[in-house]
Amino acid sequence: MLKHFKNKDTISDICQAIAEDGACIVDGLLKEDLCDELSKDFLGDLEKIDWGIDELGYKNEFYGDQTKRLHGLFSRSTHMETVLTHPLLLGVSRQILLADDKARDIRLSNTELMVLNKNQKNQVFHSDAGSWHRVQKREKLEASPGKGEILVSANCALTDFTENNGATRVVPGSHLWEAGREPTEAEICLAIMKKGSALLYSGNVLHSGGENRTDDIRTGLYLGYAISWLRPIENQLVTNKPEDIFALSAKAQQLLDVVPGGFTVIA
Ligand SMILES: O=C(O)CCC(=O)C(=O)O
Ligand SMILES: [Fe+2]
C-alpha cells in the first residue's frame with residue numbers, strides 16, 4: 001500500500017515516505033476546478049492527434065497504442081504555471097534533490113499529458129531517471145543512503161485513477177533495487193486516487209501506466225523535477241511558443257532555465 005498524505009502534511013513526512021517506499025500519494029494536491037480548467041485547455045489539442053501516434057507522427061512502443069501524449073503544455077494552458085510552482089511539489093523536490101552536497105538547485109525536466117484510452121495495455125516497468133541511465137547508475141552507487149536522487153516525478157490525476165482505468169502501477173521499495181530485478185505481482189501497488197490527487201515518486205522507482213479496461217479516459221499530468229546539472233528532457237523554448245515562456249513569472253522561468261545572465265550549471 002502506498003502511503004497517503006494531504007496538502008497540510010509536512011514536506012519532511014512526505015519525503016520520508018518517498019525515501020522509504022519510493023513513492024506516495026498526496027490527496028487533493030490540486031483543486032478540482034483547476035483540474036477541470038486544465039483538461040478543458042488541453043481538449044482541443046488532444047482532438048487533433050491520433051491514439052498511439054506521437055507529435056512527430058511516430059508510433060512509440062514505450063507509450064503504447066491507445067494513449068495520447070502532449071508536451072509543450074505551457075503554451076496550451078496558462079494554468080500550468082500554478083502546477084509547476086505548487087509549494088508542495090517544489091518543497092518535496094527541493095528537499096529530496098538538494099539533500100546531496102553538490103546539488104545547488106532544481107529545474108523542470110519535462111511536462112507531459114498522459115491520456116489512456118480504453119484497451120491501453122499495461123506499460124513496461126521502468127524508472128523515469130533511466131532517461132539518464134549512466135548518471136542514474138553512478139549516483140545510486142556512489143551516494144550514501146537517502147542521497148543520490150536526480151529526479152522527482154509527479155503524476156497529477158486530472159481524472160480519477162481507478163483499479164480498472166489505468167491507475168499507475170508502482171513497485172514500492174524498488175528505488176533501492178539492483179538494476180534488472182523484475183517485480184512479482186504481489187510487489188505491485190496501484191496508485192488509485194481521486195481527481196486532483198498526485199502520485200509523487202523517486203526517479204528510481206519502478207512504475208508503469210496501467211491497463212485501461214473501462215470505457216473511460218484516464219488523464220495524468222506529469223511534471224519531472226531534476227537536479228539542475230542534468231539536461232532536461234524537454235526544451236521548453238522549442239515545445240512552447242518562446243513568448244509564452246518569457247511571459248511566466250521569474251520563479252517559473254528559473255525552473256525552466258530561461259533566466260538570462262546566469263549559468264545553468266553552478267559548480
Ligand atoms: O501513465 C502513467 O500512469 C505512467 C506513464 C509513465 O510512467 C511514463 O510514460 O513514463
Ligand atoms: Fe514513467
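The values are calculated or read from the model by the stated rules, or taken from the named source; none is laboratory data. Only a predicted model underlies this, so the values are computations on that prediction, with no experimental measurement involved. Glycine gets a Cβ as well: all are built from the backbone with ideal geometry, and neighbour counts include every protein chain shown. What goes into the accessible areas is simple: the full protein's heavy atoms, side chains included, and nothing from ligands, DNA or RNA. Shrake-Rupley method; radii C 1.70, N 1.55, O 1.52, S 1.80 Å.
For the stretch 163-174, state whether one or more residues are open to solvent by less than 80 Å² (accessible area, probe 1.4 Å), touching a helix residue (DSSP H, G or I) at 6+ places or on another chain (Cβ under 9 Å), hydrophobic (A, V, I, L, M, F, W, C) and within 15 Å of ligand 2 (Cβ to nearest atom). Within the stretch 163-174, one or more residues are open to solvent by less than 80 Å² (accessible area, probe 1.4 Å), touching a helix residue (DSSP H, G or I) at 6+ places or on another chain (Cβ under 9 Å), hydrophobic (A, V, I, L, M, F, W, C) and within 15 Å of ligand 2 (Cβ to nearest atom). Looking across the stretch 41-75, the residues that are β-branched (Val, Ile, Thr) and farther than 24 Å from Pro242 by Cα come down to Ile53, Thr67.
Restricting the first member to the stretch 60-81 and to residues that are open to solvent by less than 50 Å² (accessible area, probe 1.4 Å), and the second to residues that are of a type in the set (Ser, Thr, Tyr) and in a helix (DSSP H, G or I), the beta-carbon pairs closer than 7 Å and six or more apart or on different chains are His71/Thr239; Gly72/Thr239.
Only one of the numbered conditions (1) within 16 Å of ligand 2 (Cβ to nearest atom); (2) open to solvent by 30 Å² or more (accessible area, probe 1.4 Å) is not met by Arg138, and that is (1). For the stretch 1-110, the helices (runs of 4 or more DSSP H) that sit wholly inside it and include 1 or more residues that are touching an Asp or Glu at 6+ places or on another chain (Cβ under 9 Å) and under 30 Å from Trp229 (Cα atoms) are 11-21, 73-76, 80-84, 87-97. Scan the stretch 120-179 for residues that are in contact with a strand residue (DSSP E or B) (Cβ under 6 Å, 6 or more places away or on another chain), not in a loop (DSSP other than H, G, I, E, B) and not hydroxyl-bearing (Ser, Thr, Tyr) and the total you get is 13. For the stretch 175-195, the tally of residues that are surrounded by 22 or more Cβ atoms within 10 Å (Cβ to Cβ) and closer than 27 Å to Ile227 by Cα stands at 2. Look at (1) within 11 Å of ligand 1 (Cβ to nearest atom); (2) within 28 Å of Asp33 (Cβ to Cβ); (3) touching a Gly at 6+ places or on another chain (Cβ under 8 Å) and you find that Ser109 fails only one, number (1).
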